[in-house]
Amino acid sequence: MHPAIQQLAHSAALVSIRHHLDVQRIVRDAVAVQQIPAPTFQEGARAAFVKERFARYPLQNIRVDDLHNVYGRWVGARPDGPALLVSAHTDTVFSMETDLRTRHKGERLYGPGLGDNSLGVAALLALLDIFQAHALRPAADIWFVANSREEGLGDLGGIRAVWKILGERLGAAVVIEGMALGCVYHAGIAVRRLHVTCHAPGGHSWHHFGQPSAIHGLVQLGERIITITPPRQPRTTYNIGLIEGGQSVNSLATSAEIYLDLRSEDPDTLAALEQRIMSDIDDLRRPGLDFTVDVVGDRPAGQIPADHPLVQLAMSALETVGIEGVHENGSTDANALLANGLPTVTTGITYGGHAHRPDEFIEIPPISDGIWQLVLLVLAAAGQLRTWAGLAG
Ligand SMILES: [Zn+2]
């Protein structure tokens, strides 16, 4: 176990925090956040809620930027040195009209967006509660940020804007994902998202049979894509996540479109997959049938090694609650920070399931351990920033 975590885990003040953690309050906060619709690009109401809550704590520099990122700085013992960013995204994959009612079943709580990522936002508030109640003074400044645009077509726009504003001041970051307890993400996989539209002149299904149809053209492309077998190593995937088009059942479609999500652990393999799809598109072009392609997502890859001290702290913090952490790579806000060279880990608060589905759920009892390991990780990381930056003590 990392000595910094060991020391904190045995300090009397922190042990008392663990015993007085109010899980029900954290769950109430998570539900309060979850009840505010926040589709990507429409996080304003949720941002206003978080800002109002931030204002109850002795945070400096509280503000909301144009992208609905909410910022607040907890002043540390050495405000002149590098700061720690602790962030959780506010946006969800659910539309404004989604039924957001929650329901309990045993130790589980169901609700769209609850684990991803209302619980993450509630964890930010829980940290602030704990810092205030126990008058904690972290070694370095900590920027608490509830950011927008993590999901889908947000393309990490929220955290990218945060980086532009805070980047120079930061020494490391901890990103919170509600349902990722036990996982330590320290590598971001590369993601490309393409919006492919097929165009054709249209016509009548009977009279013009045989002439190009945008839907037929797009389906041909889809057929080629889904017969691709991507490599397992490096793990590489594709998904046609959205498809729409056409005018009526008896018309040759003039327009049809898909959204494609391509991912790989290796940027070159990802580029090769995209190239293959682009050449399939070229191949399908013919008089009257055309395709346009827009890149709507480009998440960079980036990583810190598994033996990086920040990863070790995250693993050790989990060890204090008896969890053997798993090294993960994935696509979270951490990608954008890692790609800029900032040591970053993504960690979780509890277990859950069915993310991005209406029957998403979280397990309530592990939240206590999840918050405790987060407190340890954040305080320990804040204490190590100067060392990592090569600054004296
Ligand atoms: Zn998430």
Has segment 269-287 got at least one residue that is modelled with pLDDT of 95 or more, not basic (K, R) and not in a helix (DSSP H, G or I)?
yes
If a residue has to be touching a residue at least 60 places away in the same chain (Cβ under 8 Å) and not in a loop (DSSP other than H, G, I, E, B) to count, how many in segment 71-97 make the cut?
11
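Can you pull out the residues in segment 1-45 that are hydroxyl-bearing (S, T, Y) and either touching a Phe, Trp or Tyr at 6+ places or on another chain (Cβ under 6 Å) or closer than 30 Å to G111 by Cβ (or both)?
Filtering segment 1-45 for residues hydroxyl-bearing (S, T, Y) gives 11, 16, 40.
Of everything in segment 1-45, just one residue is hydroxyl-bearing (S, T, Y) and either touching a Phe, Trp or Tyr at 6+ places or on another chain (Cβ under 6 Å) or closer than 30 Å to G111 by Cβ (or both), namely T40.
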Just to be sure, is A172 touching a helix residue (DSSP H, G or I) at 6+ places or on another chain (Cβ under 8 Å) and among the small types (G, A, S)?
yes
Considering segment 139-178 alone, what residues qualify as being away from the ligand (no atom under 14 Å from the Cβ) and under 20 Å from L376 (Cα atoms)?
A139, A140, D141, I142, W143, F144, V145, L170, G171, A172, A173, V174
Filtering segment 56-114 down to residues that are β-branched (V, I, T) and in contact with a Gly (Cβ under 9 Å, 6 or more places away or on another chain), which residue is farthest from G152 (Cα to Cα)?
I62
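I'm trying to understand the selection: among the residues of segment 179-191, which are at negative phi, within 16 Å of the ligand (Cβ to nearest atom) and of a type outside the set (S, T, Y)? Give the derivation first.
Within segment 179-191, the subset at negative phi is 179-181, 183-191.
After this cut, where a residue has to be within 16 Å of the ligand (Cβ to nearest atom) as well, the list is 179-181, 183-185, 188-189, 191.
Those that are at negative phi, within 16 Å of the ligand (Cβ to nearest atom) and of a type outside the set (S, T, Y): M179, A180, L181, C183, V184, G188, I189, V191.
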Y110 passes all but one of the listed conditions (1) touching a helix residue (DSSP H, G or I) at 6+ places or on another chain (Cβ under 9 Å); (2) of a type outside the set (V, I, T); (3) in contact (Cβ under 8 Å) with a residue 40 or more places away in the chain; (4) surrounded by 14 or more Cβ atoms within 10 Å (Cβ to Cβ); the exception is number (1)
Would you confirm whether any residue within segment 199-210 is surrounded by 19 or more Cβ atoms within 10 Å (Cβ to Cβ) and of a type in the set (F, W, Y)?
no
Every residue in segment 311-342 that is surrounded by 24 or more Cβ atoms within 10 Å (Cβ to Cβ) and either under 18 Å from the mean Cα position of the chain (by Cα) or within 13 Å of the ligand (Cβ to nearest atom) (or both), please.
A314, T332, D333, A334, N335, A336, L337, L338
L100 is checked against (1) away from the ligand (no atom under 16 Å from the Cβ); (2) assigned to a helix (DSSP H, G or I); (3) in contact with a helix residue (DSSP H, G or I) (Cβ under 8 Å, 6 or more places away or on another chain) and fails just one. What number does that condition carry?
(2)
Could you list, ordered by first residue, the pairs with Cβ atoms under 7 Å in which the first is in segment 159-179 and in the same structural domain as N69 (by TED's automatic domain parsing) and the second is at pLDDT below 95 and surrounded by fewer than 22 Cβ atoms within 10 Å (Cβ to Cβ), at least 6 apart or interchain?
W163/N340; G167/N340; G171/W388; G171/A389; A172/W388; M179/A355
Show the residue pairs that are 6+ apart or on different chains and have beta-carbon atoms under 6 Å apart, the first residue being within segment 26-55 and modelled with pLDDT of 95 or more, the second being in a strand (DSSP E or B) and surrounded by 18 or more Cβ atoms within 10 Å (Cβ to Cβ).
A38/T92; A47/V64; A47/V70; V50/V70; V50/A146; K51/V64; K51/V70; F54/G72
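Somewhere in segment 248-261, is a residue away from the ligand (no atom under 16 Å from the Cβ), modelled with pLDDT of 95 or more and closer than 30 Å to L385 by Cβ? Let's see the steps before the verdict.
Taking segment 248-261 first, the residues away from the ligand (no atom under 16 Å from the Cβ) are 248-260.
If we keep only those that are modelled with pLDDT of 95 or more too, we end up with 248-260.
From what is left, the residues that are closer than 30 Å to L385 by Cβ are none.
No, there is no match, as no residue in segment 248-261 is away from the ligand (no atom under 16 Å from the Cβ), modelled with pLDDT of 95 or more and closer than 30 Å to L385 by Cβ.
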Condition first: closer than 21 Å to P37 by Cβ and surrounded by fewer than 16 Cβ atoms within 10 Å (Cβ to Cβ). Now tell me which residues in segment 60-101 satisfy that.
D66, S95, M96, E97, T98, D99, R101
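The values are calculated or read from the model by the stated rules, or taken from the named source; none is laboratory data. What you see is a predicted model; the values in this text were computed from it and never measured. Positions of Cβ are backbone-derived with ideal geometry, glycine not excepted, and every protein chain shown enters the neighbour counts.
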